[in-house]
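One structure is given below, represented as structure tokens, and several questions about it will come after.
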Amino acid sequence: MADSSFDVVSKIDRMELENAINQAIREIDTRFDFKNTGAKIELSGDKLAIEADTEERAKATLDVVKDKLIKRGVSLKHLDAGEPQLSGKIYKIACTMKEGISTENAKKIAKFLRDEGAKSIKTQIQGDELRVTSKSRDDLQEAIEQIKNGKFEFAVQFVNFR
């Protein structure tokens with residue numbers, strides 16, 4: 001019997017991300033407490049820029065973005081938000097969207113599975129993914145549960161379960 005496998009990845013659903021940002025923009029444009037505060041949100045590639053007239057409004061805008069991301073099912077572990085920086089008369093928050101599992105993080109997951117998982121599980125790093133293989137599908141399902149319950153500082157998804 002051939003080995004079964006799955007891949008551990010960290011990817012952002014771009015459509016959900018764009019929908020969440022569009023909803024946040026719409027909410028900021030219509031909410032009374034954001035009127036005349038100069039609050040703006042811009043998404044370009046993996047960069048998210050938030051601007052407002054005061055530091056509190058910039059942080060509140062970031063909270064609206066986080067709320068919309070959660071509602072659309074995008075993990076906040078993908079969002080790397082900086083502190084509000086004063087630029088002229090405007091406060092700016094620069095955020096980056098983190099995607100992919102670094103080699104170092106893949107090694108953490110592999111070590112975690114070696115220590116905690118079943119002995120039949122093998123791991124292999126493939127670029128920004130981690131392939132987990134085993135002869136037993138039950139061991140793989142147990143490994144998925146262990147990874148979900150492991151408190152990693154990055155978001156993980158599971159694809160290509162075969």
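Leaving ligands, DNA and RNA out of it, work out the accessible area of Arg14 with a 1.4 Å probe and give it in Å² to the nearest 10.
Accessible area, nearest 10 Å²: 80 Å².
What are the ³J(HN,Hα) couplings of segment 32-46, residue after residue, when phi is run through the Karplus curve with 6.51, -1.76, 1.60 and θ = phi - 60°? Round to Hz, x for glycine and proline.
5, 6, 9, 5, 6, 9, x, 6, 9, 10, 9, 10, 9, x, 9
Within segment 1-82, how many Lys pairs that are eight or more residues apart, or on different chains, come under 18 Å at the alpha-carbon?
17
May I pose another question? Could you state how much accessible area Lys135 has, in square angstrom rounded to the nearest 10, with a 1.4 Å probe and all protein chains kept in place?
Spelled out: Lys135, probe radius 1.4 Å, area about 130 Å².
Mind listing the Cα extents of the chain along all three principal axes, in Å, largest one first?
65, 25, 24
On the first, second and third principal axes, largest extent first, how far apart are the outermost C-alpha atoms of segment 70-129 in Å?
That works out to 59, 26, 19 Å along the principal axes.
Oh, and also: Give me the extension gain from Ser44 to Glu145: residue separation times 0.36 nm, minus the current Cα-Cα distance, reported in nm with one decimal.
Numbers: separation 101, 0.36 × 101 = 36.36 nm, distance 3.44 nm.
That works out to 32.9 nm of additional length.
Additional query: What is the sum of charges, Lys and Arg at +1 and Asp and Glu at -1, for the other residues whose Cβ falls under 12 Å from the Cβ of Asp3?
+4
Count the lysine pairs in segment 109-152 whose Cα atoms lie under 17 Å apart, taking only pairs 8 or more positions apart in sequence or on different chains.
Summing the qualifying lysine pairs gives 6.
Any idea how far apart Ser5 and Arg162 come out in nm if each label point goes 7 Å out from Cα toward Cβ?
Placing both labels 7 Å beyond Cα along the Cβ direction yields 0.6 nm.
Under a point spin-label approximation (7 Å from Cα along Cα-to-Cβ), what is the Glu27-Asp128 distance to one decimal in nm?
2.7 nm
What whole-number distance in Å separates the alpha-carbon centres of segment 71-94 and segment 136-162?
A separation of 29 Å, based on Cα centres.
For the chain, what is the calculated [θ] at 222 nm in deg cm²/dmol (nearest 500), taking -39500 (n - 2.57) for each run of four or more DSSP H residues and dividing by its residue count?
-12500 deg cm²/dmol
Under 10 Å, Cα contacts only: if you run a Gaussian network model on the chain, which one of Glu129, Glu55, Glu104 comes out with the highest mean-square fluctuation?
Glu104
The values are calculated or read from the model by the stated rules, or taken from the named source; none is laboratory data. These figures come from a predicted structure and were not determined experimentally. Virtual Cβ from ideal backbone geometry, glycine too; neighbours counted across all protein chains shown. Remember, those area values only see protein heavy atoms, side chains included, never the ligands or the DNA or RNA. Shrake-Rupley method; radii C 1.70, N 1.55, O 1.52, S 1.80 Å.
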